[in-house]
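The values are calculated or read from the model by the stated rules, or taken from the named source; none is laboratory data. Just so we're clear, the structure is a prediction, and the values are computed from it rather than from any experiment. In this analysis, Cβ positions are derived from the backbone assuming ideal geometry, glycine residues included, and neighbour counts consider all displayed protein chains.
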Amino acid sequence: MQRRTSRSSLKSEKINNEIVERSYQHEAIRKVTEAFEDNNERKSLLVMATGSGKTRVTIALVDLLMKCNWVKRVLFLADRVSLVKQASKEFGKHLKDVQVVNLLKNPDANGRIYVSTYQTILNQINRVENNQRKFGIGYFDLVVVDEAHRSIYSKYKGIFQYFDSYLVGLTATPKDEVDRNTYSLFQRENQDPTFAFGLEEAISQGYLVPPKSVSVPLNIVREGLVYDDLSEDEKQHWDELEWGEEGPPEAVDSAAINKWLFNEDTVDRVLKHLMTKGEKVASGDRIGKTIIFAKNSLHAEFIQERFDINYPQYKGDLARVITYDTEYAQDLIDKFSEKEKSPHIAISVDMLDTGIDVPEVVNLVFFKVVRSKTKFWQMVGRGTRLCKDLYYQGEDKKFFYIFDYCKNLEFFSANPETVDGNSSDSLDTRLFKTKVELLQILNENSDKNSDEENVIKKETTENLKEIINSMTTENVIVRGSRRYVEKYKDNQIWDNYRLLDYEEINNKLSSLPTQLTDSDEDAKHFDYTIKKLQLCILRKDNKNFIKLRKNITDIASNLELQQSIPKIKSVLPLILEIQTEEWWKDVTVGMLEHVRKRLRDLINLIEKSKKNIVYTNFTETIGDEVEIDLNLHKTGFLDFEKFKTKAREYLKSHDNKISINKLRNNKPITKMDIEELEKILLNLAENNTGLVEKAKETNKGLGLFVRTLIGLDKKAATEALSDLIKESTANSRQIQFLDLIVDELTKNGAMEESRLYQAPFTDVVPTGPESIFDENKIEVLFKKIDDIRNKAIA
């Protein structure tokens, strides 16, 4: 793409103060514009700002870049229709002289700023009419990516690779929760965005309001129901409920509450607590804007039903369900976003968890379990916005409430390790990877394969080739991996399996869209289970084999129950045989493949057992409120371990710097080297001098701290001990012992003499080095260990 030559300086141009009001937003724009001017080539930048800062920063940045003639057309991408509408409104409000096009509403319109969902723009650039695409690779000068996190990278990175433009990513996700691949996409070091402004910092500087976090224990929600613990009247109620064909259970665990068992008294008590203790507005006459995070759509509907019964004066008005299933959901969101309009309580499932900007929100109700750290803090962010004159003239919003009934506050205040569900591969990707893994093992054991295994190897090869041959480079997502697609469309590489790079195939091709699709999800799940079982046999993995085997026998059992269906009846002998112990003794991959082929198309005939929805009215017990400290400093700011991780990654990838290279290669360092290291580490610590001081204290200096992170070059470690290792008189035990020292130095960079009296050294010489070296050699050994340490100390 040709950049304009008649550009004015970004640094000298004044930022539009009507758009940007806050000092950290000015700082964000300053950092980003400096990065633009530092390099005229394609530039990717990542901005992290908690609260309502991201949109304002974007608009002011676009305004500045357009005025300075750096960009002519801009594409703003978001992951939801509501966010596209919100962005379109904000651009139009602040940039009145610029034509804004919402591609969801006006796909054929022309303008300077285009807003779209990722899927819509993907469809647009994949569409070819008269051998032309509407949006060529140079159509946009700037692409702005809202909510730039893991799922955006994994699903839509092809969009960003397609456009030859500046790329700016925006996210409120804490920096330590953003995936490494996202940093890579924006050409940033891991945990090193272009600009970051976290929740604690924003609150402490008065740009956001803090939460008052209240945990409210509910016995049934947290503990479930046990029949034996019920009163006699409640046992009678239990026995009279419609539990379904299986009859009444002995207990219902907490996971079932609000999923398929809905208890009236539980919801009534939550609503009473909210309406009594929740923050009020309008001189205390009305509950403030509130979001209730419900477990599922049935739960949301049940909450509104109980609200309308308990508060008939507000029926159908004050509290409304807003989910993806709600008719006219966007209209309800628009009304919820206006200060005086109803609804004032939004009962939501997923839809209002992220991205929605309603400054008037003063109550968040967690009525479901959340275990994703990223999602939890995004949900908390719905309440953090400042709001002027919320109560009356001059009385602004100062805080918001979090009412938690499901122990989320206790969970996240402990700063646990969490796993986000959106990081998992799709079923198609997992199945593809499993086939590649299966093929790799069969190819590597080619000389030992049975005839049936060789047949499976051939069929798996042909299937993978067919999938890859069906990947069209007309699709922009595929085009980004074109060279790998074309490489593996070549039959010769499959004919000589030694040319196959299995890791490359999985990393580069497994998640790409293909025209060879299978819409039968049940059959694909069955295929996946069978393929995993075949892998277990080939790997001799008995533990996972037993678990997966049960899945197959359960499927066979369910098929047997529907033997009246002719298709199932025709393979009934096989279905019955699978359920016997005898069949599974010495089962082969070929036998499993036979089962897969015979049964996969029957799986969708199994009746889905539909769990009865049960409505109850057991007495709920509500405990005393407990205020929880959420430890805001743990929401993305560096602690010492995260600092070490960040430093290790940076130092290892920058070992060309003189001071780092010296430490890596066991060369003496100077005070100037230490000063250089301190500057590097202080920058990595985000100017947190406490982290750097701790690094000094715990490792007796920064040189040793860095050495422990990057280790010692193995060649340098071997050379340091060469006098001892190369001696012709050294026996095998001595050499083995010295090799362990080299390994220790290579991994940890230095060691104390006392380390020689611990495992793994004592595994070779239980009584210590004195039993294999004479006194002179021990002295030389200890001196060399000290010398290695001292070279890291200035």
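Miscellaneous remarks
- Lone qualifier among TYR392, TYR401 - being at pLDDT 95 or above and of a type in the set (Ser, Thr, Tyr): TYR401
- Candidates in segment 665-684 are the residues that are surrounded by 21 or more Cβ atoms within 10 Å (Cβ to Cβ) and at negative phi; of these, the one that is modelled with the lowest pLDDT is LEU684.
- Qualifying positions in segment 318-347 - closer than 18 Å to PHE302 by Cβ and modelled with pLDDT of 95 or more: LEU318, ALA319, ARG320, VAL321, PRO343, ILE345, ALA346, ILE347
- Segment 564-574: number of residues that are over 11 Å from LEU602 (Cα atoms) and either surrounded by 15 or more Cβ atoms within 10 Å (Cβ to Cβ) or modelled with pLDDT under 90 (or both): 3
- ASN542 meets the conditions (1) under 30 Å from GLN124 (Cα atoms); (2) in contact with a helix residue (DSSP H, G or I) (Cβ under 9 Å, 6 or more places away or on another chain); (3) not aliphatic (A, V, I, L, M) in every case but one. The failed one is (1).
- Taking segment 647-763 and the helices (runs of 4 or more DSSP H) fully enclosed by it, the elements with 1 or more residues that are out of contact with any Leu (no Cβ under 9 Å at 6 or more places or on another chain), without any contact (Cβ under 8 Å) to a residue 60 or more places away in the chain and more than 30 Å from GLU201 (Cα to Cα) are at 658-664, 671-684, 702-710, 714-720, 722-725, 732-748.
- Test result for GLU279, free of Cβ contacts under 8 Å to residues at least 40 places away in the same chain, of a type in the set (Asp, Glu) and either in contact with a helix residue (DSSP H, G or I) (Cβ under 7 Å, 6 or more places away or on another chain) or assigned by TED's automatic domain parsing to the domain that holds VAL361 (or both): no
- Taken as a whole, the condition of being surrounded by 17 or more Cβ atoms within 10 Å (Cβ to Cβ) and of a type outside the set (Phe, Trp, Tyr) applies to VAL216.
- You will find that of GLU250, GLU240, the residue that is loosely packed, with under 15 Cβ neighbours inside 10 Å, free of Cβ contacts under 8 Å to residues at least 24 places away in the same chain and farther than 30 Å from ASN683 by Cβ is GLU240 and no other.
- Cβ-Cβ under 8 Å pairs, at least 6 apart or on other chains, segment 64-87 side under 20 Å from ASN106 (Cβ atoms) and among the hydroxyl-bearing types (Ser, Thr, Tyr), far side in a loop (DSSP other than H, G, I, E, B) and modelled with pLDDT under 90: SER82/MET351; SER82/GLY355; SER82/ILE356
- Only residues that are without any contact (Cβ under 8 Å) to a residue 60 or more places away in the chain and part of a loop (DSSP other than H, G, I, E, B) were counted across segment 389-411, and they come to 4.
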